[in-house]
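The values are calculated or read from the model by the stated rules, or taken from the named source; none is laboratory data. What you are looking at is a predicted structure, and each value in this text was computed from that prediction instead of being measured. Backbone-built Cβ (ideal geometry, glycine too); neighbour counts: all protein chains shown.
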Amino acid sequence: MDQVDEPMLEPRGPLSDEATQFRLLLDSVTDYAIYMLDPDGYVKTWNPGGQRIKGYSPQDIVGTHFSRFYTPEDVAAGLPQRGLEAARNDGRFSAEGWRLRKDGTRFFASVVIDPIWVGDELVGYAKVTRDITERVQAQQRLREAEASLLQAQKMEAIGKLTLGLAHDFNNLLGVVINALELITMRISHDPRLTRNVEAALRAAERGALLTRQLLTFGRGQNLTPQPHDLNRLILELADLMRRSCPENIELRFDLAPGLPVLQVDRSQLEAAILNMVINSRDAMPDGGEILIRTRRAHTAIPAATEHAAQDMVCVSVQDTGTGIPQELQQRVFEPFFTTKDIGKGSGLGLSQIFGFALQSGGFASLDSEPGNGTTVYVHLPVGSTSE
Ligand SMILES: Nc1ncnc2c1ncn2[C@@H]1O[C@H](COP(=O)(O)OP(=O)(O)OP(=O)(O)O)[C@@H](O)[C@H]1O
Ligand SMILES: [Mg+2]
């Protein structure tokens, strides 16, 4: 049987009149706040999208000024008015920024304002707002993950380079030191020569110390992990820490009781804690407070590929010093990065901490705000042995 084409029928019922069609359209949109403002910026209409995104019902909002969607800072800066002026003068205004919901929470909005003209008369504005908070937050998380991966790769590369160099230098300096010691024995009759050779020996030994710190950063140190009670180790170091600090620096301890025993290399752990305390001391030329804290922690190693949380113990050193500028916070762990004068610091303290923590199966991190002090954390795994 032949199909007979039905003639296109004019829609009947609610869709028959244009104004109703338009209202139904706006009422069905819930992902966009679409509404009208009068020429002075007062809300004239409101749709369910506006209600969903901003939390206001039509009764709450119609007749009030649209600047209430803006943060107090933006209102003070005249942003709402500027948006309307730009739309009127340029024919359109679009922007992205933080806006307020009825309950006071903030969302990241993508906003478009179009002027509505009837002939030469401006009768109001059409405003479309979209909530893009999730997208912005996802982008931010992605950027952070990329940055921390890049940093981890960079530290890994510097570590490998350092390790190769430090090994070679250590061997070379070993030869130099042995030869100098032999020479010292032979020339004991000549005091001037002896002094020169002793100076050379001291310099070579200092060089050997530096290369050992570099080996630690490159995770090439021979660690001898043994069971240690972290709190006891800290208390045994307390005297040395106090002697390293002037009187205007107060040392405080907050040691969690009942911490599990750690399998760690004692001398490296002691060096790490002392390095942290000395850094804090140097950051407080006018005095202040250093808080040494131990805690249990259940956390994952940030740079690890598999992010399983594990039992750790954390020792942290917090100070009330200068703090570290945001842009330097990752660089400070790199070997030879120092802001101290020549002869005051070699930039190997935090590298030692970084390498030791990693080689022990943990990690080092820091929290700092310029002017508000710094906290350096060393997380060490419970019950595991170092590589
Ligand atoms: N607690 C802290 N407060 C402020 N800045 C710090 C702190 N700890 C480290 N820094 C910054 O990080 C840099 C690197 O520290 P790191 O311990 O690696 O080297 P250094 O202290 O300069 O020298 P070294 O420890 O080898 O004597 C320091 O020069 C300093 O700028
Ligand atoms: Mg240091």
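Quick one: which of P370, P335 is more than 23 Å from N231 (Cα to Cα), assigned to a loop (DSSP other than H, G, I, E, B) and away from ligand 2 (no atom under 13 Å from the Cβ)?
That would be P370, the only listed residue that is more than 23 Å from N231 (Cα to Cα), assigned to a loop (DSSP other than H, G, I, E, B) and away from ligand 2 (no atom under 13 Å from the Cβ).
Would you check if there is a residue in region 303-322 being among the small types (G, A, S), in contact (Cβ under 8 Å) with a residue 60 or more places away in the chain and more than 9 Å from ligand 1 (Cβ to nearest atom)? Give the derivation first.
We begin by selecting, within region 303-322, every residue among the small types (G, A, S); these are 303-304, 308-309, 316, 321.
Subsequent filtering for residues that are in contact (Cβ under 8 Å) with a residue 60 or more places away in the chain retains 303, 316.
Then keep just the ones that are more than 9 Å from ligand 1 (Cβ to nearest atom); that gives 303, 316.
Taking every residue of region 303-322 in turn, at least one turns out to be among the small types (G, A, S), in contact (Cβ under 8 Å) with a residue 60 or more places away in the chain and more than 9 Å from ligand 1 (Cβ to nearest atom).
Select, from T375, T320, the only residue that is surrounded by fewer than 21 Cβ atoms within 10 Å (Cβ to Cβ), more than 17 Å from the chain's Cα centre (by Cα) and either under 22 Å from R212 (Cα atoms) or assigned by TED's automatic domain parsing to the domain that holds S267 (or both). Lay out the reasoning, then the answer.
On the way: T375 fails: more than 17 Å from the chain's Cα centre (by Cα).
After applying the criteria, what remains is T320.
So which of D265, D254, D229 ends up being more than 28 Å from the chain's Cα centre (by Cα), touching a residue at least 24 places away in the same chain (Cβ under 8 Å) and surrounded by fewer than 18 Cβ atoms within 10 Å (Cβ to Cβ)? Step through it out loud before you land on a result.
Numbers: D265 fails: surrounded by fewer than 18 Cβ atoms within 10 Å (Cβ to Cβ); D254 fails: more than 28 Å from the chain's Cα centre (by Cα).
After applying the criteria, what remains is D229.
Of all residues in region 238-251, how many are assigned to a helix (DSSP H, G or I) and surrounded by 17 or more Cβ atoms within 10 Å (Cβ to Cβ)? Steps first, answer last, please.
In the first step, residues of region 238-251 are kept if they are assigned to a helix (DSSP H, G or I); the result is 238-244.
If we keep only those that are surrounded by 17 or more Cβ atoms within 10 Å (Cβ to Cβ) too, we end up with 241.
Within region 238-251, residues that are assigned to a helix (DSSP H, G or I) and surrounded by 17 or more Cβ atoms within 10 Å (Cβ to Cβ) number 1.
Matching residues to (1) under 23 Å from G355 (Cβ atoms); (2) at pLDDT below 90:
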{"position": "L210", "(1), (2)": "yes, yes"}
{"position": "Q213", "(1), (2)": "yes, yes"}
{"position": "P227", "(1), (2)": "yes, no"}
{"position": "R242", "(1), (2)": "no, no"}
{"position": "A272", "(1), (2)": "yes, no"}
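Return the residues of region 156-189 that are among the polar types (S, T, N, Q) and assigned to a helix (DSSP H, G or I); say none if nothing qualifies.
If the condition is that a residue be among the polar types (S, T, N, Q) and assigned to a helix (DSSP H, G or I), then T162, N170, N171, N178, T184 are the ones that fit.
Residues that are under 19 Å from G349 (Cα atoms) and buried (at least 16 other Cβ atoms within 10 Å of the Cβ): does region 182-197 have at least one?
Step one: list which residues in region 182-197 are under 19 Å from G349 (Cα atoms), which gives none.
No, region 182-197 contains no residue that is under 19 Å from G349 (Cα atoms) and buried (at least 16 other Cβ atoms within 10 Å of the Cβ).
If you check every pair at least six apart or on different chains, which have Cβ atoms under 9 Å apart with a residue in region 278-292 that is assigned by TED's automatic domain parsing to the domain that holds R252 first and a residue that is of a type in the set (F, W, Y) second?
L291/F253; I292/F253
Would you mention how many residues in region 14-54 are among the aromatic types (F, W, Y) and in a loop (DSSP other than H, G, I, E, B)?
To start, the set of residues in region 14-54 that are among the aromatic types (F, W, Y) comprises 22, 32, 35, 42, 46.
Retained after the next criterion (residues that are in a loop (DSSP other than H, G, I, E, B)): 46.
Residues that pass the stated criteria total 1.
Tally the residues that are in a helix (DSSP H, G or I) and either touching a strand residue (DSSP E or B) at 6+ places or on another chain (Cβ under 9 Å) or at positive phi (or both), restricting the search to region 252-274. Walk me through how you get there before you give the answer.
In the first step, residues of region 252-274 are kept if they are in a helix (DSSP H, G or I); the result is 266-274.
Then keep just the ones that are either touching a strand residue (DSSP E or B) at 6+ places or on another chain (Cβ under 9 Å) or at positive phi (or both); that gives 266, 269, 272-273.
Number satisfying all stated conditions: 4.
When residues of region 351-387 are filtered for being near ligand 1 (Cβ under 7 Å from one of its atoms) and at pLDDT 95 or above, how many remain? Can you show your working first?
At the first step, the residues of region 351-387 found to be near ligand 1 (Cβ under 7 Å from one of its atoms) are 351, 368, 374, 376.
If we keep only those that are at pLDDT 95 or above as well, we get 368, 374, 376.
Here the count works out to 3.
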